[in-house]
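The values are calculated or read from the model by the stated rules, or taken from the named source; none is laboratory data. Values in this document were obtained by computation on a predicted structure and should not be read as measured data. Note: ideal-geometry Cβ built from the backbone for every residue, glycine included; neighbour counts use all protein chains shown. Keep in mind that these areas ignore ligands, DNA and RNA; they rest on the heavy atoms of the full protein, side chains included. Shrake-Rupley method; radii C 1.70, N 1.55, O 1.52, S 1.80 Å.
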Amino acid sequence: MEGKGFKIDIQIYSLVIAGLCNAKKFEYARKLFYGITHKGLVPNVVTYTIMINGMCKEGMFAEAERLMFEMEKNGCIPNVITYDTIIKGLLKGGDVKKARKFLQRMRDSNSHSATPPSAYDALFLFELLESVVLEIGLGTSTQVTTAIANINHYA
């Protein structure tokens, strides 16, 4: 496209990166994402969220978390969709503790002033379920976390 004289902006890069992630060509998406700055462009919240989603789908939760911190360091503020993306990814990966931390970060920021994401509701329900299970002695916190991870695996 660049060779044909098309002006490629961050929205087009975001669309291409999303397409590559959806086509299960994550390494190409990652290479393109990290090359954006060499083209004089700056990733926006949509571009970062797409990459965080791709990383979560690939099971790269630590890298997704690092990218979210890098995003903020670069002055790009996560929105409710960004938080929803990483929280759901962490829940599907069975890392409830980190998901809770991101939920708390979202609560502490103004990102949740819009409609709350589904992950917010999912964590609330998880916390409620966990407290009930522990209160009536049906299992340990670890057993609840394992059960939720197994449910997410089949969802």
query: Asp108: accessible area at probe 1.4 Å, nearest 10 Å²?
result: 120 Å²
query: Lys25 versus Phe69, label points 7 Å from Cα toward the beta carbon: distance in nm?
result: 3.2 nm
message: Report, in listed order, any pair from Lys4/Lys57; Lys25/Lys57; Lys7/Lys73; Lys24/Lys88; Lys7/Lys39; Lys39/Lys98 with a Cα-Cα distance greater than 22 Å.
response: Lys4/Lys57; Lys7/Lys73; Lys39/Lys98
- prompt: Residue by residue, what Karplus-based ³J(HN,Hα) values in Hz, rounded to whole numbers, does segment 43-59 have, using 6.51, -1.76 and 1.60 with θ = phi - 60° and x for Gly and Pro?
  reply: x, 9, 4, 5, 4, 4, 5, 4, 5, 4, 4, x, 5, 5, 5, 8, x
query: Largest first, what is the accessible-area ranking of Ser109, Ser14 with a 1.4 Å probe?
result: Ser109, Ser14
message: Shape verdict for segment 29-113, please, from the Cα gyration tensor: rounded (a/c under 1.5), prolate (a/b greater than b/c) or oblate.
response: oblate
message: Given a 1.4 angstrom probe, what's the average accessible area per residue across segment 18-93, in square angstrom?
response: 52 Å²
query: How much of the accessible area of segment 50-107, in percent, comes from carbon and sulfur atoms when a 1.4 Å probe is used?
result: 53 percent
task: Rounding to the nearest 20 debye, state how big the charge dipole of segment 1-83 is about its Cα centre with +1 on each Lys and Arg Cβ and -1 on each Asp and Glu Cβ.
output: 280 debye
